[in-house]
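Step one of this worksheet: look at the structure below.
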Amino acid sequence: MAGFFLAAGLLLLPAHPVWALEYRSTGRAALLYDAPSTAAGKVAIAGSGLPLEVVVDTDAWVKVRDPDGRLAWIEKSALGGAKTVMVKADGSVVRQQPRADAEVVFRAERGLLLELAGAADPYGWLPVRHADGLAGWLPASEAWGR
């Protein structure tokens, strides 16, 4: 009988591990390196406000994944700007309310950085703010970096 409960319990476990992703945004433009050292090879430049997925966090360096999927290292001191998301859909619509039928506030093209203005609602909408001050709701499925 104990074997039955063990087997039944194992069926309730997820098929693959579940992790909560952590994202941080750059507070300033910064270099991305291929190893955690300023003597390492330079991979790219991350502009100010770029959301990056945290993979490994050490005392002075953070291994990150950029929106293109590239893994690199960044100095921890370069992170800490306002929390941002990047539009990943070709043409997203930011709406006045978190509903698909709500009035359009503005249209956002792929790659646009928007400030995250709060927590996502339970239905998959993110409150965002454009650099020019316009604010509204973006479907979370159309954003990278939340």
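The values are calculated or read from the model by the stated rules, or taken from the named source; none is laboratory data. Please read these numbers as outputs of a predicted model, since none were measured by experiment. Note that each Cβ is placed from the backbone with ideal geometry, even for glycine, and that neighbours are counted across all protein chains shown. With ligands, DNA and RNA removed, areas are computed over all heavy atoms of the protein, side chains included. Shrake-Rupley method; radii C 1.70, N 1.55, O 1.52, S 1.80 Å.
Structural remarks
- Scanning the stretch 33-76 for residues that are among the hydroxyl-bearing types (S, T, Y) and under 22 Å from G111 (Cβ atoms) returns a single hit, S48.
- One residue stands out among those in the stretch 120-130 that are assigned to a loop (DSSP other than H, G, I, E, B) and open to solvent by less than 70 Å² (accessible area, probe 1.4 Å): the one that is nearest to G91 (Cα to Cα), which is H130.
- In the stretch 37-80, of all residues being touching a Phe, Trp or Tyr at 6+ places or on another chain (Cβ under 6 Å) and in contact (Cβ under 8 Å) with a residue 60 or more places away in the chain, the one that is farthest from L113 (Cα to Cα) corresponds to E53.
Conditions tested, residue by residue: (1) farther than 17 Å from A35 by Cβ; (2) modelled with pLDDT of 95 or more; (3) hydroxyl-bearing (S, T, Y).
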site	(1), (2), (3)
P51	yes, yes, no
A72	no, yes, no
G80	yes, no, no
D90	yes, no, no
Q96	yes, yes, no
R107	yes, yes, no
R110	yes, yes, no
L114	yes, yes, no
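- Filtered residue count, the stretch 131-144, keeping only those that are open to solvent by 50 Å² or more (accessible area, probe 1.4 Å), more than 22 Å from V54 (Cα to Cα) and outside any strand (DSSP E or B): 3
- Residue ranges of strands (runs of 3 or more DSSP E) in the stretch 39-104 with at least 2 members of a type in the set (A, V, I, L, M, F, W, C) and closer than 16 Å to H130 by Cβ: 84-87, 91-95
- The stretch 49-87, residues that are of a type in the set (S, T, Y) and open to solvent by 60 Å² or more (accessible area, probe 1.4 Å): S77
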